[in-house]
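Undergrad: The structure that follows is given in the form of structure tokens.
The values are calculated or read from the model by the stated rules, or taken from the named source; none is laboratory data. Worth saying up front: this structure is predicted, and the values here are computed from it rather than measured. Ligands, DNA and RNA are excluded from the accessible area calculation, which covers all protein heavy atoms including side chains. Shrake-Rupley method; radii C 1.70, N 1.55, O 1.52, S 1.80 Å.
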Amino acid sequence: LEQPAGAPKPPVKKKDEGPKPTDAADHPLVKKLKAKFGEAIGDASEFIGQLSVNVAGAQIVAVCDYLKSDREMSFNYLSDLTCVHYPDRRDAPFEIVYNLFSIDANERVRLKVRTSGSVDSVTGVWPAANWLEREVFDLFGVSVANHPDLRRLLLPPDWEGHPLRKDYALEFIENAWTERH
């Protein structure tokens, strides 16, 4: 049907609001972690069935070891370890994200550590963290203390900068590395 000229358009139907994260302080796993680690466990949220828990950086290895070795939880698989850069957060612009999976319980948990540029290695808990931590070091410039072999993984050793930081130039810039090679 054609509308006559000058007739107002019908109103656009407002989309239904999507799901929102909810506070997960009462989640059994969060309660158990707070009982064991106290103030090292920060706020927790759940979004579409995914639990995220903020952890103090100084306790990340102990929390990971506990989650892996606890018989009830047994988060025995580190499915991913990555980083997010928030340049506007001056005190801790990086967030290291650990995605853990319990094969026995078929459950997941995401641990997050805010840092200004350094975190302890979890390779003693999960040897598979080795290359993931090297990737975070290479692409974000976050140092990983106690790592067995911390060196660049994807870029040449003499590359300058960290390309997944949000302050890294998006357009091609002739840099010193390309001039040398």
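Undergrad: Hey, what's the per residue convex hull volume over the C-alpha atoms of segment 47-181, in cubic angstrom?
TA: Values: hull volume 16.8 nm³, N = 135.
So the per-residue Cα hull volume is 125 Å³.
Undergrad: Under the Karplus relation 6.51 cos²θ - 1.76 cosθ + 1.60, θ = phi - 60°, what is the ordered set of whole-Hz ³J(HN,Hα) values for segment 16-22, x standing for Gly and Pro?
TA: Once θ is set to phi - 60°, the couplings for segment 16-22 become 5, 6, x, x, 10, x, 10 Hz.
Undergrad: While we're here: Report, to the nearest whole %, how much of the accessible area of the chain belongs to carbon and sulfur atoms, 1.4 Å probe, protein only.
TA: Values: 6100 of 11640 Å².
Its accessible area is 52 percent carbon and sulfur atoms.
Undergrad: Debye sum, Cα scatterers, segment 109-181, no solvent: what log₁₀ I/I(0) at q = 0.11, 0.14, 0.28 1/Å?
TA: Taking Cα atoms of segment 109-181 as identical point scatterers yields -0.33, -0.51, -1.37.
Undergrad: Applying the Karplus parametrisation 6.51 cos²θ - 1.76 cosθ + 1.60 with θ = phi - 60° to the phi angles of segment 36-52, what ³J(HN,Hα) value in whole Hz is obtained for each residue in order, glycine and proline being reported as x?
TA: 7, 10, x, 5, 5, 9, x, 5, 9, 9, 10, 9, 6, x, 9, 8, 10
Undergrad: Under the rule of at least 5 residues apart or a separate chain, name every residue whose amide H is placed under 5 Å from the amide H of PHE94.
TA: Correct list: TYR86, THR115.
Undergrad: Oh, and also: Could you tell me the relative contact order of segment 81-181? Use alpha-carbon pairs under 8 Å, at least six residues apart, and round to a whole percent.
TA: Numbers: 149 pairs, mean separation 21.5, N = 101.
Reported as a whole number, the value is 21 percent.
Undergrad: Right, another one. By DSSP, what percent of the beta bridges with both residues in segment 91-181 are antiparallel, rounded to the nearest 5? Write down the numbers at each step before the final one.
TA: Values: 9 of 12 bridges.
Antiparallel: roughly 75 percent of the beta bridges in segment 91-181.
Undergrad: Given a 1.4 angstrom probe, what's the average accessible area per residue across segment 34-175, in square angstrom? All intermediate terms of the calculation are to be shown ahead of the outcome.
TA: On the way: 7830 Å² over 142 residues.
Result: 55 Å² per residue.
Undergrad: Then there is this: For segment 27-101, what are Rg and Dmax over the alpha carbons, in angstrom?
TA: Values for segment 27-101 (Cα only, Rg and Dmax): 12.8, 40 Å.
Undergrad: What does the convex hull of the Cα atoms of segment 103-147 come to per residue, in Å³, rounded to a whole number?
TA: Values: hull volume 3.9 nm³, N = 45.
Convex hull of Cα atoms, per residue: 86 Å³.
Undergrad: Over segment 1-105, what relative contact order in percent results from Cα pairs under 8 Å that are six or more residues apart?
TA: Working: 116 pairs, mean separation 16.8, N = 105.
This gives 16 percent for segment 1-105.
Undergrad: For the pairs LYS36/LYS112; LYS36/LYS68; LYS14/LYS166, note any where the Cα-Cα span goes beyond 26 Å.
TA: Working: LYS36/LYS112 17 Å; LYS36/LYS68 14 Å; LYS14/LYS166 33 Å.
Pairs exceeding the cut-off: LYS14/LYS166.
Undergrad: Next question. Pull up all non-local amide H partners of LEU51: gap of 5 or more, or a different chain, and H-to-H distance under 5 Å with H placed in the peptide plane.
TA: The list, which skips near neighbours in sequence, is ARG110.
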